[in-house]
Amino acid sequence: PLLEALDSTSDAVRLWAATALGHSREPAALNATAALLNDPESQVRVQAVRSIAQQAQPQALPALAAAVSDPDGGVRLAAVAGIRDTLAQRGSWRAEALPTDFDLLAALAESQRALLQAIRDSAPEVRAPAAAGLGSFDSLAAASAIADLALQDEQAAVREAATEALACCPFPHKQRLLAAGTEDPLPARRARAIAVLAGIAAVDSAGQ
């Protein structure tokens, strides 16, 4: 009945079905909910993304990454937050539990690409969780993007989120990305670079 409800002409029924399917871990439910990413009603798309993210499974990453390109800001925010929260569960993933036809490396690469797109979003509430999500990746592209946000973003909340993400980022040479910032002609950026470096040092010390 829930799958049939997804084809309803009523926005309220489709919204209800998307919400209910978020409690199911069945692959069919995930695929059916992902089909709602093309729904004409933005609130249905938002709930579909939230339901997909609620499963916190790596199989949800491709659909969430695709939703980052949605024209509606609420959908983009739900998608970016979903990727961030799903990646936060990465330590509990078991390779043997994944479907044999699921390419985890490709899904992770697509998720990183989507987050790199999201950090350029016009909405700061999208950029902040995008920075947090990028902090899960051990790559130069992710670390460089976070460092740029920490030093240059116009919103203090985004800079703070990027600073925290960079401190936790596993990329081994992240400090070098801030070297130029410590010599920036603008005092504010020099201060930010020094503050970020201090935050990284504090996290490293706490982890030892």
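Computed values, structure above
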{"item": "Test: residue in the range 185-205 that is part of a loop (DSSP other than H, G, I, E, B) and either in contact with a helix residue (DSSP H, G or I) (Cβ under 8 Å, 6 or more places away or on another chain) or open to solvent by 50 Å² or more (accessible area, probe 1.4 Å) (or both)", "result": "yes"}
{"item": "Pairs where the first residue, in the range 1-30, is more than 14 Å from Gln47 (Cβ to Cβ) and touching a residue at least 40 places away in the same chain (Cβ under 8 Å) and the second is surrounded by 11 or more Cβ atoms within 10 Å (Cβ to Cβ) and among the charged types (D, E, K, R), C-beta under 8 Å, 6+ apart", "result": "none"}
{"item": "Selected residue (criterion: modelled with the lowest pLDDT) from residues of the range 103-159 that are part of a helix (DSSP H, G or I) and basic (Lys, Arg)", "result": "Arg159"}
{"item": "Test for Ala32: is it under 18 Å from the mean Cα position of the chain (by Cα) and on the phi < 0 side of the Ramachandran plot", "result": "no"}
{"item": "Selection from the range 151-170 of residues that are open to solvent by 30 Å² or more (accessible area, probe 1.4 Å) and either more than 21 Å from Asp121 (Cβ to Cβ) or in contact with a Ser or Thr (Cβ under 6 Å, 6 or more places away or on another chain) (or both)", "result": "Cys168, Pro170"}
{"item": "Considering residues of the range 51-62 that are part of a helix (DSSP H, G or I) and at pLDDT below 95 only, the residue surrounded by the most Cβ atoms within 10 Å (Cβ to Cβ)", "result": "Ile52"}
{"item": "Subset of the range 102-122 [within 12 Å of Thr86 (Cβ to Cβ) and either among the aromatic types (Phe, Trp, Tyr) or in contact with a Gly (Cβ under 8 Å, 6 or more places away or on another chain) (or both)]", "result": "Ser111, Leu115"}
{"item": "Gly73 vs. criteria surrounded by fewer than 24 Cβ atoms within 10 Å (Cβ to Cβ), farther than 20 Å from Leu104 by Cβ and at pLDDT 95 or above", "result": "yes"}
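The values are calculated or read from the model by the stated rules, or taken from the named source; none is laboratory data. Source: prediction; values computed, not measured. Note that each Cβ is placed from the backbone with ideal geometry, even for glycine, and that neighbours are counted across all protein chains shown. We work out accessible area using only protein heavy atoms, side chains counted, and drop any ligands, DNA or RNA first. Shrake-Rupley method; radii C 1.70, N 1.55, O 1.52, S 1.80 Å.
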